[in-house]
Amino acid sequence: MAALAVRGLGLRCRQQLLPCMLLGNRLSASLTPSLLAGTRLSWPGWTQHRRSLHCSPLALAGHIKWSKVKHIKGPKDSARSRVFMKLAMMLRHAVREGGANPDFNTQLGNIIEQCRGVNMPKASIEAAMKGADKSKASSYALYEARGPGGSSLLIEILTDNNTRSHQEIKHILNKNGGALSDGARHSFQRKGVVMSAGEVPLDRALELAIEAGAEDVREMEDEEERPLLQFLCDVSSLRSVREALQALGVQTLSAGPEFVACSSVQLSDSELEAASKLLELLNDCHDVIRVYDNIQPLS
């Protein structure tokens with residue numbers, strides 16, 4: 001038996017190497033990625049099946065759960081560097097737009113919260129902020145699109161070349177059962193979203209939401225089927241709601257403005273698989289920072 005030690009994997013990606021077994025002349029090693037803690041990142045469009053506290057129970061889609069199919073939130077180590085890269089883009093853009101002090105730059109403060117939610121190293125956050133002045137100027141755009149089964153998609157981008165980004169996104173959509181389409185925005189509302197572990201009973205969660213000034217609470221699950229709570233509020237009160245929840249003893253995982261679906265569509269298993277492929281390709285696009293959908297599983 002031989003042990004291998006790996007060093008210098010860099011700030012952006014941390015992996016754990018399991019013991020390697022030497023059998024004869026063959027050496028095999030297995031690398032087990034660790035999951036990111038908690039986020040949406042605001043990130044990328046985390047709209048797993050969910051319910052409001054006063055709505056019907058969570059629904060399942062046959063043998064497929066949308067939270068496990070789409071793999072947007074909580075990416076594995078193989079995607080962690082891409083997630084950190086996009087967060088760095090968002091940090092630089094926020095600093096260029098409103099300065100480097102999160103106390104006076106709400107957008108920057110929200111993005112820093114998202115970075116912490118996915119365990120982005122502090123050194124990487126600081127480096128991105130310091131490099132804002134040296135980076136290329138980028139512009140924000142929101143594309144509306146339709147996906148498989150008539151689903152609605154909102155695609156957020158940061159780009160230094162709008163023509164290139166538009167052509168690339170249009171190509172991905174057209175090749176994978178989607179299309180750019182006006183009107184998808186009407187399926188969403190922009191809200192402040194505070195995520196926490198679902199360790200609080202539902203009745204108590206609603207009481208906490210009222211005390212903290214939130215508008216609603218929704219129950220959801222991450223990829224590992226661990227319960228989470230999504231506290232919704234007006235974007236302008238996001239920071240105060242997060243601080244109030246923390247003062248009440250709620251352990252928050254992330255906070256930021258998001259597009260929350262106000263109407264949804266149900267897809268078959270095959271349509272869910274097609275949607276999963278489309279979302280994966282969109283999130284792999286360099287300029288895309290997040291994709292939102294309004295997909296609900298079948299009951």
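The values are calculated or read from the model by the stated rules, or taken from the named source; none is laboratory data. Worth saying up front: this structure is predicted, and the values here are computed from it rather than measured. Every residue, glycine as well, gets a Cβ built from its backbone with ideal geometry; the counts of neighbours run over all protein chains shown. For accessibility, only protein heavy atoms count, side chains too; no ligands or nucleic acids. Shrake-Rupley method; radii C 1.70, N 1.55, O 1.52, S 1.80 Å.
Taking each residue of the stretch 200-225 that is touching a residue at least 12 places away in the same chain (Cβ under 8 Å) and surrounded by 17 or more Cβ atoms within 10 Å (Cβ to Cβ) and looking for partners that are of a type outside the set (Ser, Thr, Tyr) and in a helix (DSSP H, G or I) with beta-carbon atoms closer than 6 Å, six or more apart or interchain, yields 212/241; 212/244; 212/245; 214/241; 217/205; 217/206; 217/209; 223/68.
Given the criteria at pLDDT below 80 and either in contact with a strand residue (DSSP E or B) (Cβ under 7 Å, 6 or more places away or on another chain) or not β-branched (Val, Ile, Thr) (or both), does residue 68 qualify? If you could, list the steps in order and put the result at the bottom.
Working: at pLDDT below 80: yes; either in contact with a strand residue (DSSP E or B) (Cβ under 7 Å, 6 or more places away or on another chain) or not β-branched (Val, Ile, Thr) (or both): yes.
Yes.
Here residue 137 meets the list (1) modelled with pLDDT under 95; (2) outside any helix (DSSP H, G or I); (3) closer than 22 Å to residue 80 by Cα almost entirely, failing just condition (3). Examine the stretch 118-127 for a residue that is in a helix (DSSP H, G or I) and crowded, with 23+ Cβ neighbours inside 10 Å, and state whether such a residue exists. No, because not a single residue in the stretch 118-127 is in a helix (DSSP H, G or I) and crowded, with 23+ Cβ neighbours inside 10 Å. Looking across the stretch 150-199, just one residue is touching a Lys or Arg at 6+ places or on another chain (Cβ under 7 Å), crowded, with 18+ Cβ neighbours inside 10 Å and among the charged types (D, E, K, R), and that is 156. With the checklist (1) buried (at least 17 other Cβ atoms within 10 Å of the Cβ); (2) more than 26 Å from residue 155 (Cα to Cα) in hand, flag the one item residue 248 doesn't pass. So residue 248 meets the others, but not (1).
Scanning the stretch 276-299 turns up one or more residues that are more than 17 Å from the chain's Cα centre (by Cα) and open to solvent by 50 Å² or more (accessible area, probe 1.4 Å).
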